Each structure stands twice: as C-alpha cells, then as structure tokens.
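Below: one structure, written as structure tokens.
The values are calculated or read from the model by the stated rules, or taken from the named source; none is laboratory data. What you are looking at is a predicted structure, and each value in this text was computed from that prediction instead of being measured. Cβ placement follows ideal geometry from the backbone for every residue including glycine, while neighbour counts extend to all protein chains displayed. To get the accessible areas, we keep the full protein, side chains included, count just its heavy atoms, and leave off ligands, DNA and RNA. Shrake-Rupley method; radii C 1.70, N 1.55, O 1.52, S 1.80 Å.
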Amino acid sequence: GNSVTQMEGPVTLSEEAFLTINCTYTATGYPSLFWYVQYPGEGLQLLLKATKADDKGSNKGFEATYRKETTSFHLEKGSVQVSDSAVYFCALNYGGATNKLIFGTGTLLAVQP
Amino acid sequence: NAGVTQTPKFQVLKTGQSMTLQCAQDMNHNSMYWYRQDPGMGLRLIYYSASEGTTDKGEVPNGYNVSRLNKREFSLRLESAAPSQTSVYFCASARDTETQYFGPGTRLLVL
C-alpha cells in the first residue's frame, strides 16, 4: 500500500545551521509529493511540492527533490531561522484526481538563537 | 478572503454526546476534506467530498458522518462521542491543483 515515513524529531538546531528532514515513501505509480508546515496553534500550510520524478520544489529557502530511484523527498534548508520552528509533514497524493493525501507523522523542528 | 474557517475552536464532550463540527471555505473550491491529527500519527483522512452532493470515506471513517451542505460548507458529525475520538480535527479544501488549504482546527476532548 501507500505510506510515508519521515524522521522522528524533535530536531534541534542553532540559527543558521543546515537542515535536513528525511522523507521516504511507498506508492504505486508516481504520486505527487508535498511538504506541509504547521506553526504553533495553526493549521497546515503548503511549503512546497513536486509532481514528477527529478522535480525540485522550493519555497522560502526550503528545497526538496523528488527522487524516484530512492523513493525519497528530503527537505533541506541551508540556513535556518528561529521563525522556521514548526512541525513539518511530508505527504503524498494517493488519490489521483481526488487529491487524497497520506501524511507522515511529522517532525518537530526547534531552532535556537 | 477568510480561507477555511472552522467552528468551534475547542469543545469538551461527555461520552455518548453528539456534536457537529462546522467547516466553510470561501475560495470556490470543489473538494473538501476532514482529517484528524493525533500525536505520533500525523493526519489521517476521515471523509472527503469531491464536489457538492458527493461524499466518500477516507482511512478512518468509523464513528463519523458528514454532510456537504453546499459548495461552501462541509460538516462532520459525531453521533455518539467516544474517548478515542479525542483529537484535533482539521478541515481542508482544494481546487484542481492538488494544494489543500487547511483551517485552524478544532480541538475536541471526550471525557
């Protein structure tokens, strides 16, 4: 079946450090992949997405590349800020046109000044 | 634009009580979704609606019913609440571009 596995947190970094949050998936076909971010007390918002193999999604300094050969979609940022502290969710669209998403368990990122 | 709104923000129920969670969107989206978020489990899809007048089950539909009242509104009903339904509930909507837009959530505690 379809599933998403992402690294457990919390991830604690100092400001300006490099960030990687690992995400791997299992799916039939070639689903679209997403990273959503949830700031404290808020709903989720889309951070970036990629719809086919080798696509790179990017936004706000974050990047992730859709790697079909390793079934991965790792999130990276070169220099994190305190304002990046949030929970990050990797997700895949398993429902095609119905846009049904499967989410990973989320990774809490805490950035210290 | 308010985006996706949910009411109430917080609710406490006793086991066996019923309640309806309300969701509305003003983005003219066709698709709407209800998720629950539990610690260590991410978000799981309860029900979704691809268009006005249609609904379908997601991963965890047991104990819930939904109504797509019109294009804007999608409600989630708990007929007889159980402690296992203590969770944070999120509503989301989407057009055809796969991006889902989420509401702020409803925190439900069932005693």
> Setting aside same-chain residues fewer than 8 positions from B:LYS71, which aspartates and glutamates have a Cα under 14 Å from its Cα?
Replying inline: B:ASP26, B:GLU52
>> Can you pull out the trypsin sites (Lys or Arg not before Pro) in the range A:1-95 whose DSSP state is coil and whose Cβ has at most 12 other Cβ atoms within 10 Å?
In response: A:LYS52, A:LYS60, A:LYS68
>> Between A:PHE89, A:PHE34, A:PHE18, where does the largest GNM mean-square fluctuation fall for chain A, given springs only between Cα atoms within less than 10 Å?
In response: A:PHE18
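In Å² (nearest 100), what accessible area is buried between A and B, both sides summed, heavy protein atoms only, 1.4 Å probe?
Accessible area lost upon association: around 1600 Å².
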>> Using a Gaussian network model on chain B with a 10 Å cutoff between Cα atoms, which of B:LEU76, B:LEU13, B:LEU21 fluctuates the most?
In response: B:LEU13
>> Test of understanding: in a Gaussian network model of chain B with alpha carbons linked when under 10 Å, which of B:THR20, B:THR99, B:THR86 would top the mean-square fluctuation ranking?
In response: B:THR99
> Under the definition of Cα pairs under 8 Å and six or more residues apart, what whole-number percent is the relative contact order of chain B?
Replying inline: 36 percent
> What number of lysine-lysine pairs in the range A:29-86 show an alpha-carbon separation below 14 angstrom, given a sequence spacing of 8 or more or placement on distinct chains?
Replying inline: 5
> How large is the charge dipole for the protein assembly as shown, taken about the Cα centre, if only the Cβ atoms of Lys, Arg (+1) and Asp, Glu (-1) carry charge, to the nearest 20 debye?
Replying inline: 540 debye
> What ratio of Cα Rg to 2.2 N^0.38 Å holds for the range B:9-111?
Replying inline: 1.01
>> Over 23 Å apart: what share of the alpha carbon pairs of chain A falls there, rounded to a whole percent?
In response: 23 percent
> For the range A:13-59, with only Lys/Arg (+1) and Asp/Glu (-1) charged at the beta-carbon, what is the dipole magnitude about the Cα centre, in debye rounded to 20?
Replying inline: 240 debye
>> Below 8 Å, C-alpha to C-alpha, sequence gap of six or more: please give me the relative contact order for the range A:34-113 in percent.
In response: 25 percent
> Which lysines does B:LYS14 reach when only Cα atoms under 27 Å apart count, and residues fewer than 8 places away in its own chain are ignored?
Replying inline: B:LYS57
> Can you run phi through the Karplus equation (6.51, -1.76, 1.60; θ = phi - 60°) for the range B:37-48 and list ³J(HN,Hα) in whole Hz, with x for Gly and Pro?
Replying inline: 10, 10, x, x, 10, x, 9, 10, 6, 8, 8, 9
